[in-house]
Amino acid sequence: MIRRLIILLLIVGCGEQVREEIIERYPSGEKKIVVKYKGEGNEEKVVERTTYLESGESLLYENLIDGTSKDWAELNGLYNAENYKKYLQGTWKVIEWAIKKTDIYVEFNEDSERWVVNRMKMPHKWQWSTSDNIQSINFMDSLKLEFHPNTDSTFIYNKYTPLSDNTMREVRGIFERIDIDSIPTYKQEWLKYDGDDDDDDDW
C-alpha cells in the first residue's frame, strides 16, 4: 500500500511542471516582475504574477487562475484596523498634488487626523495662508476610516492607501512619511503678482 502511494505521488509530482521567470527588472538589475508558469509545451500558462519594490519587498501578488490579488497593504496585514492605525501614525507631507508648490501635511496622533494646507490661491494673486483642521477618527478594517467632523454626523470611506513603508496615496495625491518636530504654518502674506495668469498651473 505504501509502495503504491509513493508511486502515485511521484506520478502527480512529475506531471506538475512549474517554473518561474523574471520578465522585468529595475535599472539597478533588481527583479521587478516575476511570473510563475504551470504546464509544459503548448499547455504551459501563467498562473501567478508578483510585482516587487526595488528593495525586494512584494508590492502586488496576482493569482491569474482565480482572478484574485493582494496589494502591498494586504500583504503586510494593514487591512486590519489596529495595524492600519499603527502604520498611519506620525506626519506625512505631500509629494505629488494637482496644484504644484502646494504645501500640505497630514498628521495622525492616536485617534485624530490633522490637515495643514499652507498654500491657497486667491483671485489674480497668490498668498501664503494656513488652513489647520483637526477631526477625530476611528480606524476600521479594509483601509477604512470613520470621520467625526462634528458631534452630529459621521462618514466612512477609504481615504489613504499604503504603497510602501513610507509612501501612501490619498484620493488626490501622494504623501511621504517625514520626521519633523512640528508642522510649519504661515500668517497671511500676499505674494508679488506679475499680472500673468498663464503661469497659474506652475504653482
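Data overview
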quantity	calculated
Gyration tensor (alpha-carbon) shape descriptor, segment 17-75, a/c threshold 1.5	oblate
Fewest-first ranking of V171, V106, using other Cβ atoms within 10 Å as the exposure measure	V171, V106
Which of S131, S136, S153 has the fewest Cβ neighbours within 10 Å, and the rest in rising order	S153, S131, S136
Förster-model FRET efficiency, 22 Å R0, E40 and K70, C-beta, rounded to 0.05	0.20
Net lengthening on full extension, Y61/N158 (0.36 nm per residue, minus Cα-Cα)	32.8 nm
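The numbers here are math on the coordinates, done by the rules we state, and not lab data. Computed from a prediction, not measured in an experiment: that's the story for all the values here. Neighbour counts run over all protein chains shown; Cβ positions are idealised from the backbone, glycine included.
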